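What follows is a single structure, written as structure tokens, with notes after it.
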Amino acid sequence: MLTQAVPTFYFFGVTTGKSSSRRMFPAWAQILGLGAAQWVGVDLPLNAPLEQYRAAVEQIKRDPLSMGALVTTHKVNVLEAAHDLFDELSPEAALCHEVSCIYKRGGKLIGHAVDPYTSAQSMAQFIPPAYWSEHGAEILCLGAGGSAVAIVTHFLTRAAPPDRPRKLTLVNRSAGKLDFIRKLVASLPDSGIHFDYVQNTDPAVNDSLMAALPPGSMVINATGMGKDLPGSPITDSGLFPLEGIAWELNYRGELDFLHQARRQIEARRLRVEDGWYYFVLGWAEIVGTVFDVTITPAQFDQLAAAAEAIR
Ligand SMILES: NC(=O)c1ccc[n+]([C@@H]2O[C@H](COP(=O)([O-])OP(=O)(O)OC[C@H]3O[C@@H](n4cnc5c(N)ncnc54)[C@H](OP(=O)(O)O)[C@@H]3O)[C@@H](O)[C@H]2O)c1
């Protein structure tokens, strides 16, 4: 274990040195008055041995100036490997079976999942209140991994009835992720949302699922395709719902799905969003939580501007 000399914020990822957060953090520390606080990247291979996840969490637990962490990619594995090291889990972390934010309060180590909240905050930027009940629109979510679980959790636990789609279709490569969401839905009170689960990797099938959506519906690319994996989950001839919404969760990479959607903005009167705001919100939420600071709207604007400057 290292004994840090200054308050330290860890970023658990795969190739953290490439993340823009490395350059963003010093500017954010200044805006939030975090003094000499430093950013330290922790590179862990995909599906690393359990001991590596445990060592990374132990460092925060044992060292007083190791304040906490933002976890990407390894959210599920960190919780699985280090479950017993956490003194508390937030209800969101327990529901989603993942930890994206590690922080300390009153000597306790806490594991939290911010995505149900930050994905909802992101959607609130481009979806007005009561949109779903007014339009009778649906959601087609391509990919049923961690971010899809967070979005589903938001609709099941936080969204008011007029802010819930009447139907949410989840498409995924493996059956396991679909089963996890099926069980999550069954474990919570009836939301009135009809869920469909489709195990599929054929983009032509996704095109037909899109074609069946009523006007105003939203299609989400939560597969990681166009960044983590090549390609897009739909073909170039797939038609987005008329007057609908296309939401690509990523903001960097080839972003094929985003480009396909942008080409239909006029013809389909489509609203197209990427994941930039989602990224900034997630980081702000976690840095604020780790350092126990409340971020004012004015400070958030400054953080967003600082992030934009190094984008
Ligand atoms: N902007 C932001 O701040 C932000 C926040 C969260 C996530 N994201 C991005 O959103 C993407 C998804 O994140 P995540 O955490 O949900 O990742 P994840 O847990 O790896 O989930 C991706 C899911 O997509 C499925 N998939 C992959 N290829 C597919 C295909 N061709 N057809 C159908 N399903 C397919 C995978 O299936 P298997 O079950 O077979 O693996 C997996 O369940 C990532 O690229 C991430 O970077 C961005």
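Roughly how many whole Å is it from the C-alpha centroid of the range 221-253 to that of the range 199-214?
Cα centroid to Cα centroid, the span is 12 Å.
Can you send over the carbon and sulfur percentage of the accessible area for the chain, probe radius 1.4 Å, protein chains only? Intermediate results must be reported in sequence, preceding the final value.
On the way: 7380 of 13840 Å².
Whole-percent figure for carbon plus sulfur exposure: 53.
Amide H to amide H, which residues 5 or more places from Gln4 or on other chains are under 5 Å from it, using H placed in the peptide plane?
Answer set, sorted by chain and number: Leu65, Ser66.
Please label the shape of the chain as rounded, prolate or oblate, based on the square roots a ≥ b ≥ c of the eigenvalues of the alpha-carbon gyration tensor (a/c under 1.5 means rounded; beyond that, a/b larger than b/c means prolate, else oblate). Before the final figure, lay out the partial values.
Values: a/c = 1.82, a/b = 1.59, b/c = 1.14.
Prolate, since a/c reaches 1.5 and a/b exceeds b/c.
So for the range 117-274, what percent of the C-alpha to C-alpha distances run longer than 20 Å? List each step's numbers first, then the result.
Details: 5501 of 12403 pairs.
When all Cα pairs of the range 117-274 are counted, 44 percent exceed 20 Å.
Tell me, in nm to one decimal, what length is gained between Arg173 and Ala130 on full extension, where the rule is 0.36 nm per residue of separation less the Cα-Cα distance? Walk me through the numbers on the way to the answer.
Working: separation 43, 0.36 × 43 = 15.48 nm, distance 3.17 nm.
Going from the current span to full extension adds 12.3 nm.
Once each part is reduced to its C-alpha centroid, what is the distance from the range 93-111 to the range 35-58 in angstrom?
The range 93-111 and the range 35-58 have Cα centres separated by 15 Å.
Using the Karplus curve 6.51 cos²θ - 1.76 cosθ + 1.60 with θ = phi - 60°, work out ³J(HN,Hα) for each residue of the range 61-74 in order, rounded to whole Hz, and write x for Gly and Pro.
So the J values, rounded to whole Hz, are 5, 8, 8, x, 8, 8, 7, x, 8, 9, 10, 10, 6, 9.
Grab the DSSP H runs of the chain that are 4 residues or longer, score each as -39,500 (n - 2.57), total them, divide by all residues and round the 222 nm result to the nearest 500 deg cm²/dmol.
-12000 deg cm²/dmol
Please give the charge dipole size of the chain, origin at the Cα centre, charges +1 on K and R Cβ atoms and -1 on D and E Cβ atoms. Round to the nearest 20 debye. Display every interim value, and only then the final one.
Working: 26 positive and 32 negative charges, 52 e Å.
Dipole about the Cα centre, nearest 20: 260 debye.
Sequence gap of 8 or more, or different chains, plus Cα separation below 16 Å: how many lysine pairs satisfy both in the chain?
Going through the chain pair by pair, I get 4.
Multiplying the sequence separation of Glu88 and His259 by 0.36 nm and subtracting their Cα-Cα distance, what value in nm do you get?
Details: separation 171, 0.36 × 171 = 61.56 nm, distance 4.20 nm.
Fully extending the segment from Glu88 to His259 adds 57.4 nm.
Residue by residue, what Karplus-based ³J(HN,Hα) values in Hz, rounded to whole numbers, does the range 46-57 have, using 6.51, -1.76 and 1.60 with θ = phi - 60° and x for Gly and Pro?
Result, ordered by residue: 4, 6, 5, x, 3, 4, 5, 5, 5, 4, 5, 6 Hz.
How much area per residue is accessible in the chain when the probe is 1.4 Å and only protein heavy atoms are counted (Å²)? Don't skip to the answer; put the middle values down first.
On the way: 13840 Å² over 311 residues.
With all protein chains present, the chain gives 45 Å² per residue.
Taking Cα atoms, how many degrees apart are the long axis of helix 297-309 and the longest axis of the chain, rounded to 10 and kept between 0 and 90?
80 degrees
The values are calculated or read from the model by the stated rules, or taken from the named source; none is laboratory data. Being a predicted model, the structure only gives us computed values, none of them experimental. When we count neighbours, we look across all protein chains shown, and the Cβ atoms used for this are built from the backbone with ideal geometry, even at glycine. Ligands, DNA and RNA are stripped out before the accessible areas are found, and what is left, the full protein with its side chains, is counted by its heavy atoms. Shrake-Rupley method; radii C 1.70, N 1.55, O 1.52, S 1.80 Å.
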